[in-house]
1. Could you sort the peptides 400-411, 356-367 by per-residue average Cβ neighbour count (10 Å cutoff), highest mean leading?
2. So if R0 is 25 Å, what FRET efficiency would N298 and E110 give, r being the distance between their Cβ atoms, rounded to the nearest 0.05?
3. Run through the DSSP bridge list for the chain and note the antiparallel percent, rounded to the nearest 5.
4. How big is the stretch 283-361 in terms of Cα radius of gyration and Dmax, in angstroms?
5. Report the local net charge at N83: Lys and Arg +1, Asp and Glu -1, summed over other residues whose C-beta lies under 9 Å from its C-beta.
6. Counting other Cβ atoms within 10 Å, which GluC sites (Glu not before Pro) in the stretch 431-499 have at most 10 and lie in a DSSP loop?
7. With viscosity set to 1.306 mPa s and temperature to 10 °C, compute the Stokes-Einstein D of the stretch 35-380, Rh being the Kirkwood radius across alpha carbon pairs; µm²/s, no decimals.
8. Would you grab the residues whose amide H sits under 5 Å from the one on Q46? Only those 5+ places off in sequence or on another chain, please, with H modelled 1.01 Å from N.
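Read-outs throughout are calculated quantities, based only on the coordinates presented, and are distinct from any laboratory measurement. Quick caveat, the model's predicted, so the values are computed rather than measured. Positions of Cβ are backbone-derived with ideal geometry, glycine not excepted, and every protein chain shown enters the neighbour counts.
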Amino acid sequence: MKLIRYFRSLSLNTPLLFALFTCCLPTFAQQNKPKPNVLFLFADDQRADALGAAGNPYIQTPNLDQLASEGSRFANAYVMGGNHGAVCAASRAMLLSGKSLFHVYDKLKEERTFPMDFAQAGYTTFGTGKWHNEKEAFEASFQQAKNVYLGGMADHYGVPMRDYDENGKLGEPITRGYSTEVFTDGAINFINEHAKSGTDKPFMAYVAFTAPHDPYSPEANYINHYPDGSLPLPGNFKPYHPFEFDNLMVRDELLTDWPRKPEVIQMILSDYYALVTHLDTQIGKIIQTLKDNGLYDNTIIVYAADNGLAAGSHGLLGKQSLYEHSTKVPMIIKGPGVPQNETFDAMVYLYDLYPTLSDLAGLPKPTPVDGKSLAPILAGKSAEVRNSLFTAYRHTVRAVRTPEWKLIRYPERDYTQLFNLTNDPLELNNLAENQQLSQTKNELMTMLKEWQKSSGDTAALTTKVIKPLEYDPATLTRKPDRWQPEYTLKRYFEGVKEK
């Protein structure tokens, strides 16, 4: 207004003066444009292909599919790996800190997280759901909190929830209901209260679900949503993994016996897809709340998952491998500055989302982070942020991939797999011993070593003691863990007792 009064006070009234004034209007409009809100929706153990928008014709995810059509989907998004069987702990630490697997462990107490950056920029920060990376780090990251779960595994009907007390600390746990719905309620209440407050501060809300992580116990109304036997087996289903590596008895692998029975894997998929569809329904409620409060158009919405899951692929059930089904995750971004109905093939990490959100929200560039902003890809200025991608699990598996090729190395077994992902996306045909591809194999091995060096990974690619590849699946025995509810005990553990 001061500028307008100034121009009015001038006696000049020329086209030049008018042009000068009007050309400045966009700049002033941009300065007065409100900062976008940020809603981060995080699933637990959702493989990338368990999504309608990814081309899965069997699963029902209408709200996420709509989000993808109104925004952009990254078809090659990955978790970098894990330090131990609870891959989600490392994954969340990387996401929140923007650092790679070898620069952050699964502890965040002394780390800077992206919610801290948003708080510093004047945002109201809110957190609900699963937090696997130290209580103190949560309290340092979020100004408001409701229904927070400190831990990894839990029965969906018995997740202990914590709220902030009067001192801004997480109080004692209370069980409140089915986890997906309780976390959704926390997010909806926050959005409604934020809108009702009349504040002009934007918000950054982090909603971390425990679904579709097992126990495979869908909410009661979603049981049999996908009848047993109605879903096809994964294209790379195997009754057991063809060779031994790391620990085939890690907890996730104990959810059914060996050999994997096709009908049991189909039961698992029925429950798993039901968990995802119920999650999609709850996300639809959160999105509708944004719309009801007039906040939808100016909110950056991210949907992603912490890691994938085998669910019968390659004879495995969990995420403790470096196959595509366990490391690739869904990633959708929608909101201001994001093109609609786009799918990008660029190879990206989950931890790229930290600098990406900073860019999209106009925050200062975060340092130090290993992640690379995906904003140039979204803006059409770049097709990629890296030309290869490196993944690791404990000290026992390493992998590198390019758009076409993937090499997986098992140091303890002195064994290598080579897959042409263009022709063999299910990773069924190992080409490592194909002499005609020896140059490709050597180039990928060199690339793997370069990635190790640049990432700070000191694991040997061949150990001094070589373990056998052969094993007898008939000798593997299992037992239920303490988190399995009655539904899964009856369905998957009939006659198997916990010791």
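1. Details: 400-411: 20.8, 356-367: 18.0.
Ranked from most to least packed, the peptides come out as 400-411, 356-367.
2. On the way: r = 34 Å, r/R0 = 1.35.
Using R0 = 25 Å, I get an efficiency of 0.15.
3. Numbers: 28 of 60 bridges.
Bridges in the chain that DSSP calls antiparallel: roughly 45 percent.
4. 15.7, 47
5. Details: positive: R394; negative: D106.
Local net charge: 0.
6. Working: sites: E433, E443, E450, E470, E486, E494, E498; in loops: E433, E470, E494, E498.
The qualifying sites are E433, E470, E494, E498.
7. Working: Rh = 20.1 Å.
In µm²/s, the coefficient is 79.
8. Result for Q46 returns D306, N307.
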